[in-house]
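The structure appears below as structure tokens.
What follows is calculated from the coordinates using simple rules that are stated; it is not laboratory data. Note that this is a predicted model, so its numbers are computed, not measured.
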Amino acid sequence: MFESLTERLGSALSSITGKAKLTEENIQDALREVRIALLEADVALVVVKDFIESVKARALGIEVAASLSPGQVFIKIVNDELVRVMGAGEGELNLSVQPPAVILMAGLQGAGKTTSTAKLGLWLKNKSQKSVMVASTDVYRPAAIEQLRTLAEQAQINFFESNTDQKPIDIARAALAEAKKQFADVLIIDTAGRLGIDEEMMQEIRDLHQVLTPTETLFVVDALTGQDAANTARAFGDVLPLTGVILSKADGDSRGGAALSVKSITGKPIKFMGAGETIDALDAFYPDRIASRILGMGDVMSLIEDAEQKIDKKKAEKLARKIKKGKKFDLEDFRDQIQQMNNMGGIASMLDKMPGMGKVPQAAQEKINDKSFIQMEAIINSMTPGERHYPDRINGSRKRRIAGGSGTQIQDINRLLKQHKQMQKMMKKLGKKGGMTNMMRGMGGMMQPPGGGFPGR
């Protein structure tokens, strides 16, 4: 996420971090590069101008001059200004109302509104322990209602039945009555997507807003449209009282223009961002964490939260007891670790949140993907239970059978067995003193892509 912006900003700021003294000249040089990086990221010009002026004013002020490490203070200023631009501390949902709290979803056609509706419902169910009902008033798009029904089933949240013969306003009234009857905490209403600011369609959503009096009216925008996302949200906000924005498809956005432009242009904070295609891939938007990721400093808090919520604690504790007793780390344990990592969004999602990844060249980052881990799991699944427990028994004929069963090559089997050996050694050290340090040192063995190692090592 935002990889190209991270790379450009990292390059722009590297020239100034080691300076013993900051002058107007070297600050201007650094800011010129920062300005180019932001414009190339498709950040709105008005936002770039404001950002550069704010950083310059602070950088030439007393807080840098009096510092023993002016370069680091400059980075902190850039970080603080990124947080400010994205709207610090404004992203909380307001659900402190008489239930059900109504959330109205709006957006252009194809922005990912229906998917975001189901994702938000699951997020509220899991993170806030809310009982959620979703309903669709989109009677124009073929299969829109069916799509939301399917997604609601996946998320295991309540779905209010509607059909294309009904009027949107009638669906909304009936859904609200049913949500009250079922004592739902939250009712999320999905509305029809618009191709543009169409007056007839805008009147429809205004009528829905008047009937539902939602506590939150969220506008879903596609992050890949850059600053156009912010401009569209502003135009929509002129006719509808928006309370916030959901940035969909943020995981595919390498630039970051939308994330950095929305708050300044619309005055409305980004509250959530889509972080993948799966139903649970929605993250609360924390400007301080995003700023840290943009500057290549990682997002350790989100990584810890992912681990707490998505790791199977029983399996983790079972493995810990096994290693502590001195038992061998076998291929079934290895497969469990791969599955745990997949539960956390995969290797790319994890590395995106790790400090220092911004300094890894873009070409190297692109080679770090989940395909090798999918292949590893397929190979292990093609083994017998005995082979998983005793991998040393896997000879040439067994490798040929496993390769045939998993659709891989003999060299893929050999690579997996070698990586397992590395993990086995690391786990053995983990059972002794200094376990955590040894584990962190050994993680590189597991995270190597199929070619053997990251480029540049």
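Details
- Nonlocal amide H pairs with residue 217, under 5 Å, H built at 1.01 Å: 104, 243, 244
- Each residue of region 113-119 was assigned a 3J(HN,Hα) from its phi angle through the Karplus curve 6.51 cos²θ - 1.76 cosθ + 1.60 (θ = phi - 60°); the sequence is 5, 5, 4, 5, 4, 5, 4 Hz, with glycine and proline shown as x.
- Karplus-derived 3J(HN,Hα) values for region 96-112, using 6.51 cos²θ - 1.76 cosθ + 1.60 with θ = phi - 60°, are 7, 9, 5, x, x, 6, 9, 10, 9, 9, 10, x, 7, 4, x, 7, x Hz; glycine and proline are entered as x.
- Derived scalar couplings between HN and Hα for region 37-51 equal 4, 5, 5, 5, 7, 6, 7, 4, 4, 4, 6, 4, 4, 4, 4 Hz in order, rounded to whole Hz, by the Karplus curve 6.51 cos²θ - 1.76 cosθ + 1.60 (θ = phi - 60°), x for Gly and Pro.
- For the pair residue 284 and residue 428 in one chain, pulling the backbone fully straight at 0.36 nm per residue adds 48.1 nm over the alpha carbon distance.
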